[in-house]
Structure formats: C-alpha cells, structure tokens
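Take a look at the structure below.
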Amino acid sequence: MTSRRNLKEQITALLQARDFAGLVALAGLDSRVAPALLQFLYNPRELLQWRAIEGLGHVAEAYPRQVQKLIGRLLWLLNEDSGSFGWGAAAALGEIGRRRIELMAEIIPMFCGFLDEEFSRESMLWGVGRLAEVHPDRLDEVVPRVADLLAQDDPQVRGLAARCLGKAKYRPAVPALRDLLKDERPVGFYNDGEFRHSSVAQMAREALVSLEGPG
C-alpha cells in the first residue's frame, strides 16, 4: 500500500493540475483519498484548499459511501468546541450536497446555524451558492437567512450572499439587492478553479440579472 506521505503527494499533484478525474480514479483504488482531502481544509487563502473541496464533491459523486463516513467529522469541525478551525468544512458540505444531495438532505436545516456563526458564515455562503446552482428547491429554509445577511456590513458576506440569492432565484431579495448597487467594495471568492475578484455591487447586479433578466 502507498505510504500516507506518498498518497498526499499524489493528491497534491492532482489538485494542482485540477485533475478531478484522476482524483476519483485514485479514490477508487485507495479509500484513504477522501479523508486525506480533509487535511487541506484549514487555510482559506490557499488554492489547494478550494480545489480539495471541489475534489471532495467529485469523490462523493463517484463513491458516496466513502464521503458519507466523513459527514460527522465535517460537522464536528464546525463545532466551536472542536478547536480545530476547520474553515472549509461548511463549504465542503455545500459542495458534497451539490454532487450528492442525498448525503446532505437531513443536514441542510443545520446550514442556518452555520450562517449565524461568524467563523463559518463566509464558507457556508460559498457552499450554499454551490448547492443552489443545482438544487435550489432544497434551500427553502436557508435562503431567507441568506437574504438577512445582505444587511451585514462585511463586503465578503454581502457579496457572497447576493451570489447565493441569484443562484437560488430568490425573488423576495430583489429590493435588498438593489440597495447594494452602490457598494463598490471588493469581494474575493473561488470559482472555476481560481480565485476571482469582484465587488458587492457587481455581485448584486449579477444576482438581479438572474432574478429579473438583463436591463
């Protein structure tokens, strides 16, 4: 069997190449791949963390039982008593749900609590946005709480909340989104394999286009 160190080196190389097909193939050969991906979830400023979150979703899609075993650990990482500061855990829950909704179906109501906690809020907003792209119908309980976050002063929270609401097609948020159109403060987020730069106003505009159409 490949040593743990060599396995991590293989996973790192696959994440650097954003080779999710290769990652899934490796997971089919070695069930340690999914838990090993959790080791990357601790630094939100590292590109590999975000690619590991994506990778976890791909592994969940192909091998749901392997990832199902990790759900409890992800929830524990989001427990304030864990002391582990697993910042990416909330985002990972959303990404797993995007790929395998049945793994998250009973847990989605808990997302509201993670949105209430400052340390997990930004990560959870990203995860909800990913889930909303594919399963907006599963977020009826969550999106009103996301809409409330548009009133937060933090531009990261405002921008990511706007993005979520556009993806979820949540029309009650339209007036609050219009109020953000003059907020040009920067927002950074991960999308399509890279870090992206936008602004609160731009993300609100994009959400409004999604909700109302262009113009």
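The values are calculated or read from the model by the stated rules, or taken from the named source; none is laboratory data. Owing to the predicted nature of the structure, the values given are computational and were not obtained by experimental measurement. So basically every Cβ, Gly included, is an ideal-geometry build from the backbone, and we count neighbours across all protein chains shown.
Per this entry, residue 25 is not counted among residues that are without any contact (Cβ under 8 Å) to a residue 60 or more places away in the chain, closer than 19 Å to residue 194 by Cβ, more than 19 Å from the chain's Cα centre (by Cα) and in a helix (DSSP H, G or I). Just one of the listed residues (113, 72) is free of Cβ contacts under 8 Å to residues at least 12 places away in the same chain, over 25 Å from residue 173 (Cβ atoms) and of a type in the set (Gly, Ala, Ser), and it is 72. Is it true that some residue in segment 68-84 is touching a Cys at 6+ places or on another chain (Cβ under 8 Å), part of a helix (DSSP H, G or I) and over 18 Å from residue 190 (Cβ atoms)? Within segment 68-84, none of the residues are touching a Cys at 6+ places or on another chain (Cβ under 8 Å), part of a helix (DSSP H, G or I) and over 18 Å from residue 190 (Cβ atoms). Somewhere in segment 126-135, is a residue of a type in the set (A, V, I, L, M) and over 19 Å from residue 108 (Cα atoms)? No, segment 126-135 has no match at all. In the set 73, 32, 45, 51, only one residue is among the charged types (D, E, K, R) and buried (at least 21 other Cβ atoms within 10 Å of the Cβ); that residue is 51.
Looking at 132, 151, just one residue is at pLDDT 95 or above, in contact with a Lys or Arg (Cβ under 9 Å, 6 or more places away or on another chain) and crowded, with 24+ Cβ neighbours inside 10 Å, and that residue is 132.
Only one entry of 180, 208 meets the criterion of being in a helix (DSSP H, G or I), modelled with pLDDT of 95 or more and of a type outside the set (Phe, Trp, Tyr), and that entry is 208. For residue 174, the conditions (1) loosely packed, with under 13 Cβ neighbours inside 10 Å; (2) out of contact with any strand residue (DSSP E or B) (no Cβ under 9 Å at 6 or more places or on another chain) are fulfilled apart from (1). Quick check: anything in segment 126-140 outside any helix (DSSP H, G or I), free of Cβ contacts under 8 Å to residues at least 40 places away in the same chain and more than 21 Å from residue 55 (Cα to Cα)? So far as segment 126-140 goes, yes, one or more of its residues are outside any helix (DSSP H, G or I), free of Cβ contacts under 8 Å to residues at least 40 places away in the same chain and more than 21 Å from residue 55 (Cα to Cα).
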